[in-house]
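The values are calculated or read from the model by the stated rules, or taken from the named source; none is laboratory data. What you see is a predicted model; the values in this text were computed from it and never measured. Positions of Cβ are generated from backbone atoms using ideal geometry, with glycine treated the same way; all protein chains shown enter the neighbour counts. Protein only, heavy atoms only, side chains kept; ligands, DNA and RNA dropped before computing areas. Shrake-Rupley method; radii C 1.70, N 1.55, O 1.52, S 1.80 Å.
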Amino acid sequence: MNLWLLISLALAAPQRAAAATAPNRRDKLAPPPGAVWRGSSIMQGEEDSPKLWGERYGKALHILRYFANQFPKQLIIPEHVIDFVRGGGILWYNINMKDTTWLSVAKGDHNRTIDKWAAEVANLKPHHVLVVPFHEPEKYLGEAGYYAEQYLQLWDVIQERFYNGNARNAIWGLNFVGKKEKAAWKMKAIWPGHEKVDWLFFNFFQTPCTGTHEDSFDTLCGGIYSALDRTDQDECGRGVTCNFHKVNWGIGAFGTASRTDCDKPAVPSEARATFFQTAADTMAQYPRLLAYVYFDAIESAVATQQMEQTGELDYSTKAAYMQYLLAPAFQKADEYWRAATSLVVPSGDGSGSGSGSGGGTEEVSGTFCTVAPQASVLLAAFAAVATPLFQ
């Protein structure tokens with residue numbers, strides 16, 4: 001075998017592409033251009049892990065919203081959540097404390113708890129973790145111990161202790177409750193500034209308990225989105241320009257009520273299906289939204305294990321939700337996910353079968369090999385012709 005034949009065979013061999021950056025190691029956790037992260041809150045426990053969520057709905061979960069204060073006496077991230085992060089999944093680490101005030105945090109009364117949070121996040125390096133302190137803060141604004149400057153001081157304390165605790169893999173998010181545009185002044189008052197925040201999230205729910213059961217997805221989402229969009233250059237907390245446009249945006253929690261605890265009927269199945277359809281169909285209208293995190297728990301749950309066991313499951317609503325999960329921007333993120341993570345991508349039919357790795361690629365621990373059969377044939381033909389000429 002001569003030199004030319006060796007060269008042609010080497011060129012025809014499968015080439016290993018450079019490893020794609022894991023989703024949770026991307027700059028500020030932003031998705032690739034044209035993609036939107038698919039996220040969810042789920043009932044916390046082994047039976048509702050991100051893996052089983054994927055098997056239930058047939059799609060990969062990109063962002064898991066995890067409440068670190070769910071079990072106050074056990075500040076330990078479960079092993080299945082750690083596996084999700086190690087595989088490349090994005091962890092939303094939601095921190096809060098009941099029966100406390102912004103003032104007490106700002107004064108340093110809870111530093112030991114904050115240090116435990118920081119240690120948990122630091123242990124997940126080199127992966128980035130989305131850290132969201134004290135979600136939906138504006139609904140408390142103005143009460144004793146809950147003044148705007150105290151909230152800004154709370155951010156200073158938490159971020160300083162995370163930094164000093166070597167949790168520098170934290171990506172910071174602020175999650176507003178976002179009760180339509182009337183609350184815009186509250187959001188501006190407690191905004192720490194784009195230098196301190198990487199993601200801006202807002203929440204909304206279609207539920208009779210707050211009188212929003214007849215509001216469409218577009219009404220609920222669009223009102224908050226527009227209010228933040230047009231106040232970008234307004235003055236925010238501590239007299240700085242808001243600059244909301246300089247950070248990533250996302251929906252932190254949204255849902256349509258499958259049940260209620262307010263003695264009012266849940267949202268009808270038809271309305272819930274429309275809610276999901278509109279969420280998928282209108283993504284292009286909200287180009288700043290780079291993540292949609294559904295609250296698949298409690299009143300807005302779609303198809304939890306408990307609902308399946310008790311017979312509460314509404315199959316038409318589940319079907320509508322699964323169709324929403326197929327939104328093109330989510331599928332764009334799935335393409336990247338396959339190349340950049342070691343997590344299995346479900347088949348897409350809710351059965352959990354199949355790896356989703358697709359033809360022409362072979363998933364190998366966050367990298368992939370590509371084979372170009374046409375190039376192989378051409379190079380082999382070239383070798384056959386050229387070899388006699390150079391012997």
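Taking a sphere under 12 Å around the Cβ of HIS110 and counting the other residues whose Cβ falls inside, with K and R at +1 and D and E at -1, yields a net charge of +2.
Size estimate for the range 163-203 follows the Kirkwood approach: the inverse of mean 1/r over distinct Cα pairs works out to 11.6 Å. Per residue, the range 58-123 exposes 43 Å² of solvent-accessible protein surface, assessed with a 1.4 angstrom probe and all protein chains in place. Loop-resident GluC sites (Glu not before Pro) (DSSP state other than H, G, I, E or B) in the range 66-167 with no more than 13 further Cβ atoms inside 10 Å of their Cβ: GLU143. All distinct Cα pairs of the range 219-358 go into the 1/r average, and the inverse of that average, the Kirkwood radius, is 17.4 Å. Using only the C-alpha atoms, the convex hull of the range 44-177 corresponds to 106 Å³ per residue. Quick one: grab the alpha carbon gyration tensor of the range 185-242, order the square roots of its eigenvalues as a ≥ b ≥ c, and give me rounded if a/c is under 1.5, else prolate or oblate depending on whether a/b is larger than b/c. The shape class here is prolate.
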